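Everything below concerns the one structure shown next.
The values are calculated or read from the model by the stated rules, or taken from the named source; none is laboratory data. Note that the structure is predicted; figures quoted are calculated from it, not measured. As a convention, Cβ positions derive from the backbone with ideal geometry for all residues, glycine included, and neighbour counts pool all protein chains shown.
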Amino acid sequence: MRRPASLALLSIAACSSSPAGTIQLVTGAETDTFTRSPAPTALIVDAVDSQGTPTTLARVPLPATNVDLGKHDENAVAAITVSAVDALGDSVVFGSSLPLQYGSLEGATIPIFVQRTGELARMPGPLSDSRQAPVLSQVQGRYLFLGAGNDAAIAKTTQLYDFLSFAPLPAPPTLPRVPQSIAFVGTVALLIDASGGTYFDFSTNASAAAPVPTGSFSFADVAGGATVIANDGSEYIVGATRATGAATAAILVVDPANTKNSQYVTGNLTWASLSAPRLGAAATWVTGRGLVVTGGDATATGVEILSPLPSSTGASLPYPPDSSVGAGTTALAGGQKVLVAGGVTPSGQDAGVRAIDLSCATDCTTVWPALPVAIGATQAFALNATTAIVVGSEVSGPTHVFRLTSSSVRELPTRVLHKNARASLTPLGTLTVVGGASEIESFTP
């Protein structure tokens, strides 16, 4: 990691004693974060409390080498955000820490990764392998789990990237089975493949067999499906989103709030079902509506919704069949519309970009500009009601990142070539692109 002279060391002290800590700004593999035009002229440091309320700690002109953030209650907890603004007052560089207790900073140097806004940047601490098509998951609001992938020789090995130290953990565990699908509750992961399920505790490396819940489905019916997390923390492993295997209607629901059955280590397991089997469908959670599933079948309704627990059966919406596979979907701000982007038609063409209004009694679809290249294994992340980031890969492997609006599409160049990468939100509120290269790339709007 290089630290240009314009980067600051931020010193903070606790008021009940005199311990002082240092927060160091790092730029990963990028060397022009603070020098490229438009160059930032001032640094603004805020503390953001658990309610999301910011308090400005300092505003200093750049270049700067040391910034005193003052004294604070050592028991207070806040995330430290750093924004560098240009001469027009626009934020051109941004970074954030995880929530920190001020007292814990005594004698420590805490890195904060900062990057140019609106583009991708390589994070500190590259991974030790470049596996393609990894399975990703957030862990305990601090780590990014990376496992499986299409290289059988390393598929049971894992990587755990720490967003506090901005580096992979040095000795991550090897898993008892390759997780085609995964659901984390705390440090315990439910690992699922076509032959069964295993609970694995990352804090102790202990494992135990996961009992198959009663019903007409098996773990094989959801293996390879994406995990969608609801507002209440329940998790839905949606078999219909998998790219290969048999079409399936099965959904495995993990309810961490229901701990009545001690056999289910991560919470009660139950089955839910879509109205029809699908393959290569897209799924997302919509607040107030539930799990929304689109595409993946040439004859079934194009959109259906599984309402929140205790609902267990999907309900069709009046949309025509959608045979595309590999699309991504995300809830747009406002709660009534979802964006569906990417994916390919049966003839291998781009399936288009469209916004679907869930409140309509008839087919209400708004067409957005199409992507310039057909991509599969697509993931979509809404920034607001009219803007989203879409990540997906061509059949030949190269991964693309696009910024979409209701009137435009623009590719965000990756710093290195990724093949069959996957994307994940981070505990810092950023988006990462991971896989097919050792570098992790980060995007902040």
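Here are the numbers for the structure shown:
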| quantity | calculated |
| --- | --- |
| Hey, L371 more than 22 Å from L144 (Cα to Cα), touching a Phe, Trp or Tyr at 6+ places or on another chain (Cβ under 8 Å) and crowded, with 21+ Cβ neighbours inside 10 Å or not | yes |
| Considering residues of segment 397-416 that are among the β-branched types (V, I, T) and closer than 26 Å to T31 by Cβ only, the residue surrounded by the fewest Cβ atoms within 10 Å (Cβ to Cβ) | V416 |
| Criterion (touching a Pro at 6+ places or on another chain (Cβ under 8 Å), among the hydroxyl-bearing types (S, T, Y) and closer than 21 Å to D297 by Cα) met by exactly one of T362, T345, T329 | T362 |
| Subset of segment 1-31 (residues that are charged (D, E, K, R) and either at pLDDT 95 or above or buried (at least 20 other Cβ atoms within 10 Å of the Cβ) (or both)) | E30 |
| Answer residue from segment 249-268, given it is within 17 Å of A209 (Cβ to Cβ) and of a type in the set (V, I, T) and is nearest to the chain's Cα centre (by Cα) among those | V254 |
| Residue among A437, A385, A377 that alone is in contact with a Lys or Arg (Cβ under 9 Å, 6 or more places away or on another chain) and at pLDDT below 95 | A385 |
| Any hit, segment 305-327, residues being under 22 Å from A133 (Cβ atoms), touching a residue at least 60 places away in the same chain (Cβ under 8 Å), buried (at least 21 other Cβ atoms within 10 Å of the Cβ) and among the small types (G, A, S) | yes |
| Subset of segment 208-248 [aliphatic (A, V, I, L, M), more than 23 Å from the chain's Cα centre (by Cα) and over 24 Å from L175 (Cα atoms)] | A246, A247 |
| Which listed residue, of T299, T287, T294, T248, is without any contact (Cβ under 8 Å) to a residue 24 or more places away in the chain, assigned by TED's automatic domain parsing to the domain that holds Y199, within 28 Å of V353 (Cα to Cα) and β-branched (V, I, T) | T299 |
| Options I80, I110; residue that is under 21 Å from F166 (Cα atoms), surrounded by 20 or more Cβ atoms within 10 Å (Cβ to Cβ), at pLDDT below 95 and among the aliphatic types (A, V, I, L, M) | I80 |
| Residue check, T244 within 21 Å of A133 (Cβ to Cβ) and either exposed (fewer than 15 other Cβ atoms within 10 Å of the Cβ) or in contact with a Ser or Thr (Cβ under 8 Å, 6 or more places away or on another chain) (or both) | yes |
| Residue ID - farthest from V434 (Cα to Cα), chosen from residues in segment 137-148 that are more than 13 Å from the chain's Cα centre (by Cα) and surrounded by 22 or more Cβ atoms within 10 Å (Cβ to Cβ) | A148 |
| Condition check for G215: surrounded by fewer than 19 Cβ atoms within 10 Å (Cβ to Cβ), out of contact with any Ser or Thr (no Cβ under 7 Å at 6 or more places or on another chain) and not hydrophobic (A, V, I, L, M, F, W, C) | yes |
| Scope segment 181-203; condition of a type in the set (S, T, N, Q), surrounded by fewer than 22 Cβ atoms within 10 Å (Cβ to Cβ) and either under 20 Å from R142 (Cα atoms) or in contact with a strand residue (DSSP E or B) (Cβ under 9 Å, 6 or more places away or on another chain) (or both); matching residues | T187, T198, S203 |
| So S424, is it closer than 27 Å to T287 by Cβ, assigned to a loop (DSSP other than H, G, I, E, B) and small (G, A, S) | no |
| Matching option when the condition is touching a Cys at 6+ places or on another chain (Cβ under 9 Å) and more than 16 Å from G280 (Cβ to Cβ), among L404, L371, L358 | L358 |
| Test result for A327, modelled with pLDDT of 95 or more, among the hydrophobic types (A, V, I, L, M, F, W, C) and closer than 17 Å to L274 by Cβ | yes |
| Which listed residue is surrounded by fewer than 21 Cβ atoms within 10 Å (Cβ to Cβ) and not aromatic (F, W, Y), from Q379, Q336 | Q336 |
